[in-house]
1. Determine the gain in length on full extension of the stretch His156-Leu177; use 0.36 nm per residue of separation and subtract their C-alpha separation, reporting nm with one decimal.
2. Return the sequence-ordered ³J(HN,Hα) values of region 165-175 in whole Hz as given by the Karplus equation 6.51 cos²θ - 1.76 cosθ + 1.60 applied to θ = phi - 60°, using x for Gly and Pro.
3. Arg82: net charge of surrounding residues, Cβ under 11 Å, Lys/Arg +1, Asp/Glu -1, itself excluded?
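A short reminder: the numbers here are calculations on the coordinates, not readings from a lab. Source: prediction; values computed, not measured. Neighbour counts are summed over all protein chains in view; Cβ atoms, including those assigned to glycine, are modelled from backbone coordinates with ideal geometry.
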Amino acid sequence: MTTDAPLPAPERRAAARSGPAPEPDAVDAPPRAPQLTAVGASPAAPSVELVVRFPVDDIVLSRLHARAFGGDPAVVIPWAARLARHALTWVGAFDRGALTGFVQVAWDGGAHAFILDTMVDPRTQGRGIGSALVAAATAEAREAGCDWLHVDFEDHLTKFYLDRGGFRPTRAGLIALGASTADVAGSTGPAVSPDRPSPSAGR
C-alpha cells in the first residue's frame, strides 16, 4: 500500500533527463511515504520475507548495521530520511518479522544505480539472505529503467558479488575524502561475506 508511489520507469527516466524541480528547504522536508512490495521469500531461507521500501526504523536498522559491521549500537543513523531523499529503493529481509538483512540502491537519476550497505545479521548469515537481497535489488534497478548497476567491494567479497551476485569485474577508482574513510579504505574489511556465518564482523 502506498500514498506516494514512485513514477513508472519511463517517466522516471524522462524526469531525470529534464532535471528535478526545485525543492525549497528540501533538507527539512519529511520523508516520502514508502512503497511496500513483498518480493517473496529467500529461496535458501523460506522463513525470510524480502520487502521493498519497507518503513525504516532508524534504531532497528542502525543496530543491524552495528552487528554486521562491528559498529557502536548506540549510534543512531538517520536512515529513513537519507533513504527517502537519496535512494532509488531499498530492500529488507525479515525473518519472522525481525529485520535480519538490508541493501539499498542509490542512483544518478538516470542510467546508473549503485548497490550500497549490503548487510546481514551475523546470527543469520549462511542462509543465502545476502544473495537474495542483491538479486532483489538488481531486479528493482532493472525495473526502474537503469542500464547499469555498480558495486564496489573488498577482496574477500569477490566470490559473493562476482560468482553469486552476477557482477563482472571492471576498473574503478576511489578517493578517501576524510580520515575515517581513509582508515576504512586501507583496512582489510570484515572477514566474512553477507552469506557466510560468523560470530562477529568488523571493518
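1. 5.2 nm
2. Here the 3J(HN,Hα) series is x, x, 7, 10, x, 9, 7, 8, x, 8, 10 Hz.
3. Value of the local net charge: -1.
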